[in-house]
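Rule-based calculations on the coordinates, nothing more; no lab input. Note that the structure is predicted; figures quoted are calculated from it, not measured. We place every Cβ from the backbone using ideal geometry, glycine too, and count neighbours over all the protein chains shown.
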Amino acid sequence: MKHDAYSVWLEAPAPVRVGRSAYARVVLVAKPPYHPSPSYPYRFRLDPPPPSLGFRESVAKGMMIDGDRGVLSIPFSATTTGTVRISGTLAFSVCNDDRCLLEKRWLVVDVPVQ
């Protein structure tokens, strides 16, 4: 999703192999003059997964911030072949010298599993 102050999306490797661990990633890119807030408690609350998809936790935390970019890794594994959907809501903040935006965005990615 694009915004004047940031872009944010959910991505995953394709294809994922059945029974192997993989990582989806939430990517946040702030647009100048904004930057990701280093003190905000970033979190991605996962929607309930289909039965063939497993996550370690229902809420992923610990976004790594590097300059204008933040990345949050979400470990998962799939038990059957096909296409699975990973979705959830990211709570995040980007700031400039005058203010901070507190945002929530629903993100989704379809992942092929072989």
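The table below gives the values:
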item: Sequence of Phe44, Phe92 once ranked by neighbouring C-beta atoms within 10 Å, starting from the fewest; result: Phe92, Phe44
item: Sorted by Cβ density within 10 Å, fewest first, the residues Val94, Val29; result: Val29, Val94
item: Förster radius 25 Å - calculated FRET efficiency between Thr81 and Ser21 (Cβ-Cβ, nearest 0.05); result: 0.95
item: Label-zone membership for region 17-52, site Ser73, 7 angstrom Cα→C-beta point, backbone N under 13 Å; result: 21-26
item: Relative contact order of the chain, defined on C-alpha pairs under 8 angstrom at six or more residues apart (%); result: 32 percent
item: Estimated dipole of the chain in Debye, rounded to 20 [Cβ of Lys and Arg +1, of Asp and Glu -1, Cα centre]; result: 320 debye
item: For Val113, residues with placed amide H under 5 Å, excluding near neighbours; result: Val16, Gly82, Thr83, Val84
item: Order of Val109, Val8 - criterion: other Cβ atoms within 10 Å of each residue's Cβ, fewest first; result: Val109, Val8
item: Longest to shortest principal axis, alpha-carbon extents of the chain, angstrom; result: 49, 21, 21
item: Charge-dipole axis of the chain as Lys and Arg at +1 and Asp and Glu at -1 on Cβ define it, positive-most pick from Ser39, Val18, Trp106; result: Val18
item: Estimated inter-spin distance, Leu101 and Val59, nm [label 7 Å along Cα→Cβ]; result: 2.4 nm
item: The chain: most fluctuating residue of Asp68, Asp97, Asp47 per GNM, C-alpha cutoff 10 Å; result: Asp97
